[in-house]
Each structure stands twice: as C-alpha cells, then as structure tokens.
1. Here are the criteria: (1) touching a strand residue (DSSP E or B) at 6+ places or on another chain (Cβ under 8 Å); (2) under 20 Å from residue 184 (Cα atoms); (3) assigned to a loop (DSSP other than H, G, I, E, B). Tell me which single one residue 115 does not satisfy.
2. Identify the single condition in (1) modelled with pLDDT of 95 or more; (2) in contact with a helix residue (DSSP H, G or I) (Cβ under 9 Å, 6 or more places away or on another chain) that residue 183 does not satisfy, given that it satisfies every other one.
3. Of the residues 81, 101, which single one is in contact with a strand residue (DSSP E or B) (Cβ under 6 Å, 6 or more places away or on another chain), surrounded by 18 or more Cβ atoms within 10 Å (Cβ to Cβ), assigned by TED's automatic domain parsing to the domain that holds residue 27 and modelled with pLDDT of 95 or more?
4. Hey, among 129, 145, which residue is closer than 30 Å to residue 84 by Cα and in contact with a helix residue (DSSP H, G or I) (Cβ under 8 Å, 6 or more places away or on another chain)?
5. Hand me the list of strands (runs of 3 or more DSSP E) wholly inside region 132-208 holding 1 or more residues that are closer than 26 Å to residue 103 by Cβ.
6. Which of the strands (runs of 3 or more DSSP E) found entirely inside region 18-58 contain at least 2 residues meeting this: without any contact (Cβ under 8 Å) to a residue 40 or more places away in the chain?
7. Return the only residue of 138, 117 being modelled with pLDDT under 90 and within 11 Å of the chain's Cα centre (by Cα).
8. Going by what's in this entry, would residue 78 be described as in a strand (DSSP E or B) and farther than 11 Å from residue 25 by Cα?
C-alpha cells in the first residue's frame, strides 16, 4: 500500500512539473551535416525538454548543470528548435561559432541571464527581462531592443551591421538601461563617429569599446 501511495505521489509531482513547463526559447537553425559544429551549450538549474523540430523530443535533467544540445537530422535544411521548462531552467545559452542560427527568440517566460552566439540573422529578446550579458559577435543583427533588460551589464555586438545603420544603432542605444549610480555598463561595438550616440551612452553610464 505504501509503495502504491509513493508511486501515485511521484506521478502527481511529474504531472504538476510538466503542467508548469513553458516555452522558453526558440531558435531556427540551418543544419549542415558536414559542419564542424552544430551544437549549443546550456547551463541549467531545472529540467528541460527540447523539441528538435523534426518530430523528436528529448529531456534533460536540471541536475546535469551543463549540457550540449546536439542532434543529427535525417537531412540538411532549416529546423525550428523549441526549449521548454520552468522560467529559471536555463541560465546560459552559448552557440558554437559554426552553428548557423537564422533566428532566435526569447519568450516572456524565459529568465536566462547570459546569451552568447554567432552567425545569427535575427535576434528577438524584447519579451524577456532577465539578461545580464549579451554577446552576439560577428552576426547579422540589424536591430535590437534592450528596453526590458534593466539588469544588463555587458553588450557585445562587434561585427554586426547594426553598427553601420545610424538610426538602428541610435534606437538600440536609447533602449539601453540607465546605469547611473551603478557600475558602468560595457558596450562593445564598431561605432562610427556619432557624437549623439556616444553622449547618450555617457549619460546612461555605458562605456563604449
């Protein structure tokens, strides 16, 4: 009888956890089986389910702390990958520089702190609010809204076309949180000779490198 009760409790706990699981992050990849690297590294604090976009799903225990997401697709092409878990399940996302990410979007449920990657065409983090460190060097980002990320401290965007678009760059800088009274924020970007842009960064206590 005790064993039966234990099994029922475990089942109910699993159902509760599953029901609380939410879509956290989606990203579309251009998969190439001949690529030197197709994986993404994650730091976890909670259980995670990965929908690989080809009908297959995989579960990872939060106790694993750090995992590599690596999946062999039957054929080359574009695949939309969705990560499900509790809001704090993912603390860090890092794509290797050979992964071709067409787009990446954080949901409002995602409390990820660190986001690193390369070779991304479209990046949408406007719905989330937990980022402290964004490093998206050498990608194809043309616009970026950081207004919801009040705790962000580091933004690395060197090598992105947004740096060459005066209007898009100004909009991104205006969306930076004001760090007056805090440690200066760091913005790494190939900024041209734009006095107004630099003045806003200085007023908001951001150091441009």
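The values are calculated or read from the model by the stated rules, or taken from the named source; none is laboratory data. A quick note: this is a predicted structure, and the numbers were derived from the prediction, not measured. A quick note on method: Cβ atoms are made from the backbone with ideal geometry, for glycine too, and the neighbour counts reach across all protein chains shown.
1. Just one mismatch for residue 115, condition (3).
2. Condition not satisfied by residue 183: (2).
3. Of the residues listed, the single one that is in contact with a strand residue (DSSP E or B) (Cβ under 6 Å, 6 or more places away or on another chain), surrounded by 18 or more Cβ atoms within 10 Å (Cβ to Cβ), assigned by TED's automatic domain parsing to the domain that holds residue 27 and modelled with pLDDT of 95 or more is 81.
4. Among 129, 145, only 145 is closer than 30 Å to residue 84 by Cα and in contact with a helix residue (DSSP H, G or I) (Cβ under 8 Å, 6 or more places away or on another chain).
5. Details: elements: 133-135, 154-156, 185-188, 206-208.
Per the criteria, 133-135, 154-156, 185-188.
6. Once the strands (runs of 3 or more DSSP E) in region 18-58 are filtered for at least 2 residues that are without any contact (Cβ under 8 Å) to a residue 40 or more places away in the chain, what remains is 48-51.
7. 117
8. So residue 78 passes the test.
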